[in-house]
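Shown next, in structure tokens, is the structure this report addresses.
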Amino acid sequence: MTSVAELRSALGGSIQRINRKGSHFAIDYVMPPMEYDQAMTWIGLLAAAMADTVIMPFPQGAFDAGPVGSPVVDGSGHGGTMLPIRGLTPATPIVTGQVFTLVKADGRYNYIVTQATTADGDGKATLRFAPMLRRPPADGDQVLIAAPEIEGFATPAGSGWAMDTARHVGLAFTIEERN
């Protein structure tokens, strides 16, 4: 979900892009077909997640960040699209396109790395990412790099679930970041 606005001249002039805080992510999850007794747990969790937030892994395919240490925000007063972190395993590579989650007291916020970097010998690095920070992080806020998570409300796709003639249940839902 983007909060970017484009201003276009009615007379055909240049385009101006305005990046505003508020862009966030939504992920569609499609569960494999399950026997009904297995699906009952997921159906109950999905029903509860429509009223309260849920936390799920942020899928990154087969990508494995490896051992990254215990990264946290380094300092306070940060904004924009750069974030210094500490607590990484020295020489940890952070690759372009990798997702990380900033865990704050009011929830989880996801970002995508836009420029590769490597932790220095002290386990420090500066992440460059998009979209821009939505809330300023505090010194020591947790940064999930090896296993990012998305937090938000779950919305079932269509009727919520489907059952085939073999009585297998298929579930699909979307989790959209709430912050």
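The values are calculated or read from the model by the stated rules, or taken from the named source; none is laboratory data. Note that this is a predicted model, so its numbers are computed, not measured. In this analysis, Cβ positions are derived from the backbone assuming ideal geometry, glycine residues included, and neighbour counts consider all displayed protein chains. What goes into the accessible areas is simple: the full protein's heavy atoms, side chains included, and nothing from ligands, DNA or RNA. Shrake-Rupley method; radii C 1.70, N 1.55, O 1.52, S 1.80 Å.
Tell me the volume per residue, in Å³, of the convex hull enclosing the alpha carbons of the stretch 21-179.
On the way: hull volume 18.3 nm³, N = 159.
Considering the Cα atoms of the stretch 21-179, their hull volume per residue is 115 Å³.
By how many nm would the segment from residue 149 to residue 89 grow when fully extended, if each residue of separation counts as 0.36 nm and the alpha-carbon distance is taken off? If you can, show how the numbers build up before the last one.
Numbers: separation 60, 0.36 × 60 = 21.60 nm, distance 2.03 nm.
Residue separation times 0.36 nm, minus the Cα-Cα distance, leaves 19.6 nm.
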Response to the item:
Within the stretch 97-119, the residues whose backbone N lies under 18 Å from a label point placed 7 Å from the Cα of residue 76 along the Cα-to-Cβ direction are 103-107
Practice prompt. Scan around residue 29 for amide H atoms under 5 Å from its own, H built in the peptide plane at 1.01 Å from N, and keep only partners 5 or more places away or cross-chain.
Written response: 173, 174, 175
Worksheet item: Once label points are set 7 Å from the Cα along Cα→Cβ at both residue 38 and residue 56, what is their separation, rounded to one decimal in nm?
Response: 1.7
Worksheet item: Under a plain spin-label model, where a point goes 7 Å from the Cα along Cα-to-Cβ, how far apart in nm are residue 135 and residue 167?
Response: 4.5
Worksheet item: Quick one: Cα centre-to-centre distance for the stretch 91-150 and the stretch 25-49, in angstrom?
Response: 28
Worksheet item: How much accessible area does residue 169 have with a 1.4 Å probe, in Å² rounded to the nearest 10?
Response: 0
